[in-house]
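Trainee: There's a structure below that I have some questions on.
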Amino acid sequence: MLRIALYQPDIPQNSGAMMRLCACLGVGLDIVEPCGFVWDDRKIRKAAMDYYDHVDIKKHSSWEVFKENTKNNRIILMTTKASVPYTEYKFQDGDILLAGRESSGVPDEVHEHANGRVLIPMHGKMRSINVVNAGSMIIGEALRQIKI
């Protein structure tokens, strides 16, 4: 099963929207803490609406714990610093698509640990797409490849 992971997310509304995306596509969601906001179950449930109970959410207390818990999976980093467009990458069942912090991406250690790095080509001088929109594009391609 494919999963999406959010590395130390900053914006609770994005986390809620990612929960809805994962629930609708049948993929799991990993949250790598610490978050840039207080994880309040009531507020998170509100952001995720009635989709919260339909997504497999795993919270990891740190990057080290996430690495240990996912050592049998490939980690594919979604980053503007990659050279391979997501449409040219060969995804596999069990991949975890990792998104960085909205404010700062991920540190070098996370880049180095990733088994693959993919990007969404941008028009002109645009920098990046919202983390949920980017995640939906890339998970959609991964699902298309795996379900063929």
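Trainee: Sorted by packing (mean other beta-carbon atoms within 10 Å per residue), highest first, where do 132-144, 4-16, 82-94 land?
Mentor: So the peptides 132-144, 4-16, 82-94, ranked by packing, come out 4-16, 132-144, 82-94.
Trainee: Using a basic spin-label model with each label point 7 Å from the Cα along Cα→Cβ, how many nm lie between Thr80 and Lys147?
Mentor: Placing both labels 7 Å beyond Cα along the Cβ direction yields 3.1 nm.
Trainee: Between the stretch 116-148 and the stretch 17-67, how many Å separate their Cα centres?
Mentor: 19
Trainee: So which aspartates and glutamates can Lys147 reach, going by Cα to Cα under 16 Å and dropping same-chain residues fewer than 8 places off?
Mentor: Lys147 reaches Asp93, Asp95.
Trainee: What does the C-alpha gyration tensor say about the overall shape of the stretch 65-148? Classify as rounded when a/c is under 1.5, otherwise prolate if a/b is larger than b/c, or oblate.
Mentor: Values: a/c = 1.83, a/b = 1.11, b/c = 1.64.
Judged from the Cα gyration tensor, the stretch 65-148 comes out oblate (a/c at least 1.5, b/c at or above a/b).
Trainee: Another one. Points 7 angstrom from Cα along the Cβ direction at Cys24 and His54: gap in nanometres?
Mentor: 1.0
Trainee: How large is the charge dipole for the chain, taken about the Cα centre, if only the Cβ atoms of Lys, Arg (+1) and Asp, Glu (-1) carry charge, to the nearest 20 debye? Write out the running numbers ahead of the final one.
Mentor: On the way: 19 positive and 18 negative charges, 70 e Å.
Dipole of the chain, to the nearest 20 debye: 340 debye.
Trainee: Would you mind checking the radius of gyration and Dmax of the stretch 3-146 based on alpha-carbon positions, in Å?
Mentor: 14.1, 40
Trainee: Can you pull the one-decimal nm distance between simple spin-label points at Gln13 and Ser103, each 7 Å off the Cα toward Cβ?
Mentor: Inter-label distance under the simple model: 1.7 nm.
Trainee: Still on this structure: Test of understanding: in a Gaussian network model of the chain with alpha carbons linked when under 10 Å, which of Gly28, Gly105, Gly36 would top the mean-square fluctuation ranking?
Mentor: Gly36
Trainee: Assuming a strict under-30 Å limit between Cα atoms, what lysine pair count do you get for the stretch 1-131 once near-sequence pairs (fewer than 8 apart, same chain) are dropped?
Mentor: So the count works out to 21.
Each reported figure results from applying straightforward, stated rules to the coordinates on display, with no laboratory input. Here the structure is a predicted model, which means the values were calculated and not measured. For neighbour counting, all protein chains shown are included, and Cβ atoms are generated from backbone atoms with ideal geometry for every residue, glycine included.
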